[in-house]
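In what follows, a single structure is set out as structure tokens and then discussed.
The values are calculated or read from the model by the stated rules, or taken from the named source; none is laboratory data. Keep in mind the model is a prediction, meaning the values are calculated, not measured. Cβ atoms come from the backbone with ideal geometry, glycine included; neighbour counts cover every protein chain shown. Just so you know, the surface numbers come from the protein's heavy atoms only, side chains and all, with ligands and any DNA or RNA stripped out. Shrake-Rupley method; radii C 1.70, N 1.55, O 1.52, S 1.80 Å.
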Amino acid sequence: MAVTVVVGAQWGDEGKGRVVDYLARNAAMVVRYQGGNNAGHTVAVGETELKLHLIPSGILHSNTLCLIADGVVVDPAVLTQEMQTLRAQGISLDSLRISGNAHVIMPYHRILDALDEQRRGGGKIGTTGRGIGPAYADKAARSGLRIADLVSDHFLERARPLFAEKNHLFQRVYGADAMDSEALLAEVAGYAGQIRPFVCNTTLLVGQAVAARQNILFEGAQGTMLDIDHGTYPFVTSSHTVAGGACLGTGIGPRQIERVIGVCKAYTTRVGSGYFPTELEDATGERIRQRGAEFGTTTGRPRRCGWRDLVALRYAAQVNSMDALALTKLDVLTGLPTVCLGVGYACDGKRLNHFPDTQAEYVRSEPIYEELPGWDEEITGARRLADLPANARRYLERIEALAGVPLMMVSVGPRREQAITLQ
Ligand code: IMP
């Protein structure tokens with residue numbers, strides 16, 4: 001496995017947690033490198049299901065070091081809540097490490113997220129409302145607070161003027177109420193004691209693990225099409241969700257990454273606003289949503305559903321230098337008479353086999369579909385490709401051929417063992 005990045009190949013929610021869970025068994029270290037508690041995955045602890053947003057699911061494997069690295073934005077309220085939840089399940093946090101360089105999501109970032117969305121009106125992004133964008137904006141503007149600040153003696157002194165600045169902004173620019181700064185400040189400062197024991201230099205730890213040739217798993221959050229530079233801007237998140245983000249968010253050099261695994265569903269989903277050419281706003285889309293339980297882990301919002309977009313997948317393969325593909329939820333498509341693959345776009349009378357150059361062209365583009373026969377047979381018990389009906393195999397073969405990336409895993413049901421592993 002060596003140094004592997006697992007990255008989302010669509011607009012998030014691809015089922016990365018499933019693939020990470022599979023690979024984490026052999027990993028000495030699992031690392032979150034970007035995003036924050038806008039992400040979410042459900043992990044099973046015996047009969048109990050836990051929802052984690054920040055702490056890598058590798059925490060369930062006692063020998064795996066779990067890092068929240070420099071590029072992540074951390075809401076201390078959420079982090080400490082997750083710590084308590086895990087402890088209450090008897091899960092040790094001894095292997096958790098948090099970078100002092102990671103930025104803190106402050107209460108005013110959450111407020112600002114909501115105010116910005118209100119101000120955008122019909123053009124709103126549909127953010128998760130967790131303060132992600134404003135926290136990254138402050139980081140880029142060099143007025144953020146880092147975890148190292150939160151756990152230091154100077155936290156109140158640094159944070160107080162930032163609260164005052166934001167109150168000024170809320171009242172003067174947004175016409176909103178001022179925050180009760182002192183109460184919020186005391187609340188955030190109150191989390192420091194719980195977090196302090198886990199804070200360290202994670203870049204150093206990753207470097208040592210690389211030098212020792214350990215298996216390291218970088219766990220991407222969100223997906224390629226939500227990348228701040230390479231996604232469908234402005235309907236994106238505020239971090240680098242592509243595999244290169246693992247370098248930026250941890251301090252590992254690009255040549256150290258040995259394998260990139262992209263994860264996509266058998267179909268496509270998206271939450272929030274923004275262009276989605278293969279979206280199905282009909283009974284088939286609704287059927288996929290219900291069968292696939294396509295409702296957000298973080299916000300509970302219904303996800304938009306549509307056919308698998310191969311143009312997007314090819315693009316994801318390119319920008320991530322994807323070595324292998326894990327395809328999830330194939331079973332959700334069972335029972336459909338035909339299944340479609342978006343193989344190109346028609347734009348202004350021309351066929352495009354790549355992404356349109358501008359957002360305006362993108363909006364004018366219509367998908368071109370390849371239609372394949374569906375399958376009715378139950379596939380949740382399949383454990384080898386040969387167990388699948390011929391039409392399901394053909395669907396997978398077309399995806400592999402059109403994406404130009406070999407499959408390494410296909411999931412056929414929600415349980416851990418309901419998967420076909422190929423590499
Ligand atoms: P933000 O990351 O909360 O700023 O949201 C920006 C966009 O990214 C919105 O369209 C969100 O729905 C989307 N987004 C953020 N995190 C996730 C995720 O984990 N899965 C799917 N979509 C996400």
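Within the group Gly251, Gly300, which residue is within 15 Å of the ligand (Cβ to nearest atom) and in a loop (DSSP other than H, G, I, E, B)? Write out each step before concluding.
On the way: Gly251 fails: within 15 Å of the ligand (Cβ to nearest atom).
Answer to the check: Gly300.
Name the one entry in Val210, Val260, Val242, Val188 that is more than 16 Å from the ligand (Cβ to nearest atom), closer than 30 Å to Val412 by Cβ and either at pLDDT 95 or above or of a type in the set (Asp, Glu) (or both).
Values: Val210 fails: closer than 30 Å to Val412 by Cβ; Val242 fails: more than 16 Å from the ligand (Cβ to nearest atom); Val188 fails: closer than 30 Å to Val412 by Cβ.
When all the criteria are applied, what remains is Val260.
Just need a number here: residues in the stretch 269-290 that are within 14 Å of the ligand (Cβ to nearest atom) and either more than 12 Å from Met225 (Cβ to Cβ) or outside any loop (DSSP other than H, G, I, E, B) (or both).
Residues in the stretch 269-290 being within 14 Å of the ligand (Cβ to nearest atom) and either more than 12 Å from Met225 (Cβ to Cβ) or outside any loop (DSSP other than H, G, I, E, B) (or both): 4 in total.
Regarding Asp282, is this residue buried (at least 23 other Cβ atoms within 10 Å of the Cβ) and acidic (Asp, Glu)?
Values: buried (at least 23 other Cβ atoms within 10 Å of the Cβ): no; acidic (Asp, Glu): yes.
No, not satisfied.
Taking Arg142 and the conditions (1) part of a helix (DSSP H, G or I); (2) away from the ligand (no atom under 16 Å from the Cβ); (3) of a type in the set (Lys, Arg), which numbered condition does it fall short on, given that it satisfies the others?
Here Arg142 meets the rest and fails (1).
Answer yes or no as to whether Phe235 is of a type in the set (Phe, Trp, Tyr) and part of a strand (DSSP E or B).
It is false that Phe235 is of a type in the set (Phe, Trp, Tyr) and part of a strand (DSSP E or B).
Among Glu49, Glu117, which is the only one that is open to solvent by 10 Å² or more (accessible area, probe 1.4 Å) and not assigned by TED's automatic domain parsing to the domain that holds Phe218?
Of the residues listed, the single one that is open to solvent by 10 Å² or more (accessible area, probe 1.4 Å) and not assigned by TED's automatic domain parsing to the domain that holds Phe218 is Glu117.
Restricting to the stretch 13-70, count the residues that are within 16 Å of the ligand (Cβ to nearest atom) and modelled with pLDDT under 85. Spell out the reasoning first.
Going residue by residue through the stretch 13-70, those that are within 16 Å of the ligand (Cβ to nearest atom) are 13-20, 32-43, 51-57, 68.
In the following step, the residues that additionally are modelled with pLDDT under 85 were identified as 41-43, 57.
Going through the stretch 13-70 one residue at a time, the tally reaches 4.
Give, as residue ranges, the strands (runs of 3 or more DSSP E) completely inside the stretch 332-423 that count at least 1 residues that are touching a residue at least 60 places away in the same chain (Cβ under 8 Å) and either more than 30 Å from Ala44 (Cβ to Cβ) or open to solvent by 60 Å² or more (accessible area, probe 1.4 Å) (or both).
On the way: elements: 338-347, 350-352, 366-373, 407-411, 419-421.
Answer list for the stretch 332-423: 338-347, 366-373, 419-421.
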